[in-house]
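Enquirer: Can you read through this structure? Questions will come right after.
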Amino acid sequence: MDDRLLLGGFAIALGIAAGVVLFVPFVAISYRRRGGLSAGRFVLWAAALVYFMAIWTYTLLPLPDPDAVRCAGVNLDLFAFVADLRGAAMRPTTVLTDPAALQVLLNVLLFIPLGFFVRVIGGRGILVAALVGLGLSGFIELTQLTGAWGLYPCAYRVFDVDDLLTNSLGAVIGSLLSLAVPPAHRGMARAADADRPRAVTRFRRLLAMVCDVVGSWLVALAVGVLFQLALFMLGATAEVRDGGAAGVVSSAVTIAVSLIVVLATGRTVGDLAVQLRFQGGPLPVWLARTLRFAGGIGGFLLLFALPGAWDFVGWLFALGSLVLVFTTPDGRGLPGLVSGQYVADAREPLDPDEPVRPRSARGR
């Protein structure tokens, strides 16, 4: 397989992994700063994440075998690329295949997305884009010059001062191209209507459920890894480490954490992320919250923690939960049915003397 395709796939895989880790915080911040999450903004941030992973993989990888590394050269002649381009221009029929011309062109193209993201995501202009491009390019070049900061005895790739210029130029071009994006869609400034309550949509309920599952999986993964590490440091035998104890502990801790969050707040991690709350109903608060937990992420986690054929029941539970989101009023789903509660935007003022009804039921 071509190394460039391999590195591209590696960058996408890293971007996906980082995206999973950052997904719940990203959703929560979006709902607090922008009032919601649009598909366009999600795609934009996902593209930025993959791009930064690609910058790292394409400029620093693959790492060579330490026993076979060859010291690369250093170019400290500023504007040396101009002579290379002049020579390529003398051969117009082969300019696009000339290694020197292609190197300059790729250096510029590689940093155009950076300038675009600096303005559209960060809300900063040309000067900041140029400085960020220069700084990132400098870090990459120094990493190559120092042999990955001492990992290798010498530079395993050429340090080229001209790369600082061409990379910065690419960032400036990207910043200029980003002017095509309407100003209202640039930057991370808090939206003026971020605190305005919005209708509870099925998409929003599904997004909360996804956040619950992703957050629970990350907690279980972290607990399992830490538990295995503790067993290893304590000198446990391979049989103990492979005996499934980590799975039991991680499941138990994840369920306990989820239950504590729901009992303390009445909301799951996903509800908190997308600014939803379950409220009202005839039951005592503690009982309603317990049933809300059991009818949501709690039931899902408990079923998949049980051995044997309970996995199949867990998948049926998950399927039924999805169906009920689309077939119950305002997508309250199974948690709302078992707890007798309604789902509402958490930014709506709560009247303790009147059970909360869905926005549609109040004629809004």
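Any read-out appearing in this document is the output of simple, stated calculations on the displayed coordinates, not a laboratory observation. These figures come from a predicted structure and were not determined experimentally. Counting neighbours? That spans all protein chains shown, and the Cβs are built from the backbone with ideal geometry, glycine included.
Enquirer: Would you look at the GNM of the chain, springs on alpha carbons closer than 10 Å, and say which of L44, L114, L102 moves the most?
Expert: Sorting by GNM fluctuation, first place goes to L102.
Enquirer: Additional query: Does the range 34-81 come out rounded, prolate or oblate by the C-alpha gyration tensor, with a ≥ b ≥ c the root eigenvalues, rounded set by a/c under 1.5 and, if not, prolate when a/b is larger than b/c and oblate if not?
Expert: Working: a/c = 6.21, a/b = 2.15, b/c = 2.89.
The shape class here is oblate.
Enquirer: Just going by the charge dipole of the chain, with Lys and Arg at +1 and Asp and Glu at -1 on Cβ, which of P307, A18, G36 is farthest out on the positive end?
Expert: The listed residue farthest towards the positive side: G36.
Enquirer: Under a 10 Å cutoff between Cα atoms, tell me which one of D163, D212, D77 has the largest fluctuation in the Gaussian network model of the chain.
Expert: Result: D77 has the largest fluctuation of those listed.
Enquirer: What's the exposure ranking of V108, V269, going from fewest to most Cβ atoms within 10 Å?
Expert: V108, V269
Enquirer: Per residue of the chain, what 222 nm ellipticity follows from adding -39500 (n - 2.57) for every DSSP H run with n ≥ 4, rounded to the nearest 500? Intermediate values should be presented prior to the final figure.
Expert: Values: 15 runs with 232 residues, N = 364.
Counting only the DSSP helices, I get -21000 deg cm²/dmol.
Enquirer: Can I ask one more? State to the nearest 20 debye the size of the charge dipole of the chain about its Cα centre, where the only charges are +1 on K and R beta carbons and -1 on D and E beta carbons.
Expert: 1640 debye
Enquirer: Which one of V285, L114, A189 has its Cα pushed farthest toward the positive end of the charge dipole of the chain, where Lys and Arg give +1 and Asp and Glu give -1 at the Cβ?
Expert: V285
Enquirer: Next question. Any chance you could give the angle, 0 to 90 degrees and rounded to 10, that helix 39-60 forms with the longest Cα principal axis of the chain?
Expert: 40 degrees
Enquirer: Candidates (i) 25.7; (ii) 19.1; (iii) 17.3; which is the computed mean projected area of the Cα convex hull in nm²?
Expert: Correct label, based on the coordinates given: (i).
Enquirer: Angle between the Cα long axis of helix 161-177 and the longest principal axis of the chain, 0 to 90 degrees, nearest 10?
Expert: Helix 161-177 sits roughly 50 degrees off the main axis of the chain.
Enquirer: Return an integer: the convex hull volume of the alpha-carbon atoms of the range 202-362, in Å³ per residue.
Expert: 109 Å³
Enquirer: Out of L169, L76, L263, any idea which swings most in a Gaussian network model of the chain, alpha carbons joined below 10 Å?
Expert: Sorting by GNM fluctuation, first place goes to L76.
Enquirer: Let me ask something else. Could you tell me which of rounded, prolate or oblate describes the range 1-62, using a ≥ b ≥ c as the square roots of the eigenvalues of the alpha-carbon gyration tensor, with rounded for a/c under 1.5 and, failing that, prolate when a/b is larger than b/c and oblate otherwise?
Expert: Prolate is the answer for the range 1-62, as a/c is 1.5 or above and a/b outweighs b/c.
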